[in-house]
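The values are calculated or read from the model by the stated rules, or taken from the named source; none is laboratory data. On a predicted model such as this, the values are computed, not experimentally measured, just so you know. No Cβ is skipped: glycine too gets one built from the backbone with ideal geometry, and neighbour counts run over all protein chains shown. Side chains are part of the model used for accessible areas, which takes the heavy atoms of the whole protein and leaves out ligands, DNA and RNA. Shrake-Rupley method; radii C 1.70, N 1.55, O 1.52, S 1.80 Å.
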Amino acid sequence: MPKSKPALSANALRALLRWYRKQKRELPWREQRDPYRIWISEILLQQTQVETVKPYYARFLRQFPTVETLAAAPMDRVLKAWEGCGYYARARNLHKAARLVAETGRLPHAAAEWRKLPGIGAYTAAAIASIAYGEAVPVIDGNVERVLARVLRERRILKTTPALKRLRVVAESLMTEITRLKLGPGDYNQALMELGATLCRPRSAMCEDCPLRTECRARASLADVTVLPRKTPAKRIPHYQIGAAVIRRRGKVLITQRPPEGMLGGLWEFPGGKQHDGESLEECVAREILEELGIEIAVGKHLMSVDHGYSHFSITLHCYDCRVRSGRIRKLAVADYRWVTPAELDDYAFPKADRVVLAKLKQT
């Protein structure tokens, strides 16, 4: 049975690589093919925009220039360096992975080896292995999915198994062709991602500038290529009211550390939690503090409210000025606690919503 032709011709693939080498953005992690730096950039770029990542990338590498320095650092310091970038499980997994790498004394080479480390899936492993070491493994991220879906005029919703399977088969066949043509797997993978990030965007497509325009089936048959790929309808995300206590004592404020695993694990915050049905926010704050720390508090005036969105839900954080009425602090549902001065708050890593509260506290 004869092999099917690749979805893109050799001429189109060469045009893609020429376009990339001429038009690619100057990004700090592209300055060299250091696998550690590529690894850091890929983890930072998960669920975060390129322009947002740049300052975090520079700051992180100043503090942890090698995998050994990252492995030796305490988790609190790593989370502080990550502060503001979100999705803190990435930082925790990165730290765990660095320690495993430090134990072996070498960074992995093959994608299959990278996938054994915490926090590294198929896409990240393929990106690192192809860019740093030239391994012929295709990357399939959102940008690549979109480009290939339009090239193929894929009509099915990409999240369905048949559509994803078809894209993976196409991606593998294109990588085989790239290897045959000796065009460079790392540059090819980056070229497809760059095309999706800059020209073949979700809501706009600059088809006239696209190096694949002559072979794109969507462009040939649709007036508007942005209708592809089809998406599943967005689900309505829940919204929660959160009550938090700013507990003061002799010029200091009480902060608590979240348990190491789970959402925002290891970060510090003003203690509190989700409002239950039928209770006021003041009652919520008092109950949460009793459950988390074993102390009774007097809930005072409302200080401020902060709206914040996460990937699967949103919150309004309501902060109240409070004082301890009775009891001895116990770590019932927190990893740790500290009494700190307003100036010392900058030494701790906080979620974004709590950092808005920090800014207000420094002004009072």
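Between Ile157, His308, Met263, the Cα set farthest toward the positive side of the dipole of the chain (charges on each charged residue's Cβ, about the Cα centre) is that of Ile157.
Normalised per residue, the accessible area of the range 63-142 is 40 Å², obtained with a 1.4 Å probe and no contribution from ligands, DNA or RNA. Taking the empirical scaling 2.2 N^0.38 Å for compact globular proteins as reference, the range 211-280 has a Cα radius of gyration ratio of 2.22. Toward the positive end of the charge dipole of the chain, with +1 on the Cβ of Lys and Arg and -1 on the Cβ of Asp and Glu, the farthest Cα among Leu107, Trp19, Leu45 is that of Trp19. Element breakdown for the chain at a 1.4 angstrom probe: carbon and sulfur atoms account for 51% of the accessible area.
Beta bridges per DSSP, both residues in the chain: antiparallel share near 75 percent. Once divided by 2.2 N^0.38 Å, the Cα radius of gyration of the range 216-342 becomes 1.51. Across the range 227-242, coupling constants 3J(HN,Hα) worked out from phi with the 6.51/-1.76/1.60 Karplus curve, θ = phi - 60°, read 6, 10, x, 5, 10, 6, x, 5, 8, 6, 8, x, 10, 10, 9, 10 Hz, and Gly and Pro carry x. For the chain, dividing the convex hull volume of the Cα atoms by the residue count gives 172 Å³ per residue. When only Cα pairs below 8 angstrom with a gap of at least 6 residues are kept, the chain shows a relative contact order of 16 percent. Averaged over its residues, the range 284-324 has an accessible area of 43 Å² per residue, based on protein heavy atoms and a 1.4 Å probe. Taking each full run of DSSP H in the chain as one helix, which ones are at least 24 Å long along their axis (Cα atoms) and have mean Kyte-Doolittle hydropathy of at least -1.0? Helix filter hits for the chain: 161-181.
As a rough guide to protection, the peptides 55-63, 77-85, 195-203 ranked by mean Cβ packing within 10 Å, highest first, stand as 77-85, 195-203, 55-63. Straight-line cross-link reach from Lys352 at under 20 Å between alpha-carbon atoms covers these lysines, not counting any fewer than eight positions away in the same chain: Lys54, Lys80, Lys274, Lys360, Lys362. Measuring nothing but alpha carbons in the range 174-290 and taking Rh as the Kirkwood radius, the Rg to Rh ratio lands at 1.30.
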